[in-house]
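Single-structure report; data block below.
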Amino acid sequence: MTYKLEFSALLPYWEDLAAGLWFTIVLTVLSTVVGIAVGTLGASARTFGPKWLAGLVRVYVELIRNTPFIVQLFFIFFGLPALGLKLSETTAAFLAMVINLGAYSTEIIRAGIEAVPKGHIEAGVSLAMSRLEVLRHIVLRQAFAKIYPALSSQIIIVMLGSAVVSQISAPDLTYAANFIQSRNFRAFEVYLVVALIYLVLAIVLRYVLRVIGDRFVKVG
Amino acid sequence: MSLVSIRDVRKSYGTVEVLKGVSLEVAKGDVVAIIGRSGSGKSTLLRCINGLETYQFGAILADGIEVGGIHANMRELRRHVGMVFQQFNLFPHLTAAENVMLAPTVVNKTPKKEARAIAAEVLAKVGLSEKMDAYPSQLSGGQQQRVAIARSLAMRPKVLLCDEITSALDPELVNEVLRVVEQLAKEGMTLILVTHEMRFARDVGTNLVFMHHGKVHETGKPKDVFAAPQTPELQQFVGGNG
């Protein structure tokens, strides 16, 4: 073992790391918010929507859940231009993550919706509430409380999975790592540091999600 | 004129006919107790009145609106026809007061402050002023059912449907719920109750309906019907229930 650790070799690149980290955080937050909105609509359509729409959502969910994320990403970034739809790296990365989380969260939220007792829906309907009002005020509120832990885990998975977007040159944390080690040839140090940053990011995200959960997603 | 008018209603689940031509008139202020064996169609009939179940033949008019009619405004109908369930069905993520306030604020667009005043009033009526901010999980079964009654009352219904509302309660909690219903009856609320509480049906009811095999088998003033049941089926049913 003659390899000498040289972490100082990273110092000149700290701005690249910071920029990559910031990109990963923003990408994760935005795609989480939009992805869960997609999942909520998808789950609502699957359980309360017309048959054709429920079927359509089902196809979407199965398609995404049974193909690799990187292939979905490549399809959007390299495939769609063939149809005349050319997206920037950042837009393609965002879109791929939204579509991916949308599918997984559709399934998670659907499980929560189906766990709400039918009687609660009947009670809401009997109080002259419309189906949409029942869904919003009674069903989804309870569904989210039930599936919040599962959804939190999925969000962490999506954050970690976002490293893949470096493959289409979206300037995230992993992209920065690849760039730095190609300059200073310090692959061990660079990936060790970046792995630690992801670890801290995951722990912080988990904590933030728990605080949000305690504050907003509760059942008496 | 009847507040609720049920005319020759028939309903089938697949090939099984559960309502075989039921007719019933309910006037304002009536307290109608529907009794009968399980499977006789009494709960189904009740659920048809506010459109939770559909029926295939006949007609039900509630407050002048034909239930399930093509042009029926079911939302408008349900504002006037309240329902209380066997399983309470309180919303667990909301406090007692919030359970009561939900429909007034969402459906009637009542301002929050006013809705809270309504909640305070109806919860006092069912004797639960102290429990405004308690969650359902912190309440006993009897208290939960009383909140459910208050929740219906907050919409100021013209008729209240009660579907075996004491059947899921421990015996010692039944009376606190029945007392509330009795008080409502005294105040002139129109009530249609599916019940197994024979004594309550006799003492509080103004009309008794005995259902058997999907039909109204016998009907009349509760005291008369209980004193001298005409059909052998009711004789057996009343005898069996002591």
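The values are calculated or read from the model by the stated rules, or taken from the named source; none is laboratory data. Quantities reported herein were computed from a predicted structural model and do not represent experimental measurements. As a convention, Cβ positions derive from the backbone with ideal geometry for all residues, glycine included, and neighbour counts pool all protein chains shown. The accessibility values were calculated without ligands, DNA or RNA, using every heavy atom of the protein model including side chains. Shrake-Rupley method; radii C 1.70, N 1.55, O 1.52, S 1.80 Å.
For peptide B:130-136, what's the mean number of Cβ atoms from other chains within 10 Å of each residue's Cβ?
1
Determine the gain in length on full extension of the stretch B:Ala168-B:Lys112; use 0.36 nm per residue of separation and subtract their C-alpha separation, reporting nm with one decimal.
Full extension of this stretch gives 16.9 nm more.
Take the Cβ-Cβ distance between A:Leu87 and B:Arg37 as r, set R0 to 56 Å, and report the resulting FRET efficiency rounded to the nearest 0.05.
Calculated transfer efficiency: 0.25.
Report the B-A buried area as the accessible area lost on both sides summed, probe 1.4 Å, in Å² to the nearest 100.
Roughly 1900 Å² of accessible surface disappears when B and A pair.
Can you list, bin by bin at 10 Å, the percent of alpha carbon pairs in the protein assembly as shown, starting at 0?
Histogram of Cα-Cα distances, whole percents per bin: 4, 17, 22, 18, 13, 11, 8, 5, 2, 1, 0.
Return the subset of B:Lys158/B:Lys221; A:Lys51/B:Lys28; A:Lys51/B:Lys215 for which the Cα-Cα distance in this structure is over 32 Å, preserving the input order.
In this structure, A:Lys51/B:Lys28; A:Lys51/B:Lys215 lie more than 32 Å apart at Cα.
When ligands, DNA and RNA are left out and all protein chains stay put, how many square angstrom of accessible area per residue does region B:74-157 have with a 1.4 Å probe?
38 Å²
Reachable aspartates and glutamates from B:Lys42, Cα under 17 Å, same-chain residues fewer than 8 places away excluded?
B:Asp8, B:Glu17, B:Glu25, B:Glu53, B:Asp163, B:Glu164, B:Glu197, B:Glu218, B:Glu233
Over region B:4-240, with every protein chain in place, what whole percent of the accessible area is carbon and sulfur at 1.4 Å, could you tell me?
On region B:4-240, the fraction of accessible area on carbon and sulfur atoms equals 49 percent.
Please average, across the residues of A:127-134, the number of beta carbons from any other chain that are within 10 Å of each residue's own beta carbon, and give a whole number.
That works out to 6 on average.
Taking amide H atoms as placed 1.01 Å from N in the peptide plane, list the residues 5 or more away in sequence, or in a different chain, whose amide H sits under 5 Å from that of B:Leu3.
B:Val26, B:Ala27, B:Lys28
Could you list which residues have their amide H under 5 Å from that of B:Met83, counting only those 5 or more apart in sequence or on another chain, with H placed in the peptide plane?
When sequence neighbours closer than 5 places are left aside, the close amide H contacts are B:Leu161.
Roughly what would the spin-label model give for B:Arg179 and A:Lys118, points 7 Å off Cα along C-beta, in nm?
3.5 nm
What does the helix-only formula give at 222 nm for the protein assembly as shown: each DSSP H stretch with n ≥ 4 adding -39500 (n - 2.57), the total divided by the residues, and the result rounded to the nearest 500 deg cm²/dmol?
My calculation for the protein assembly as shown gives -17500 deg cm²/dmol from helical runs alone.
Ignore the peptide's own chain and count Cβ atoms of other chains within 10 Å of each Cβ in A:113-122; give me the average, rounded.
3
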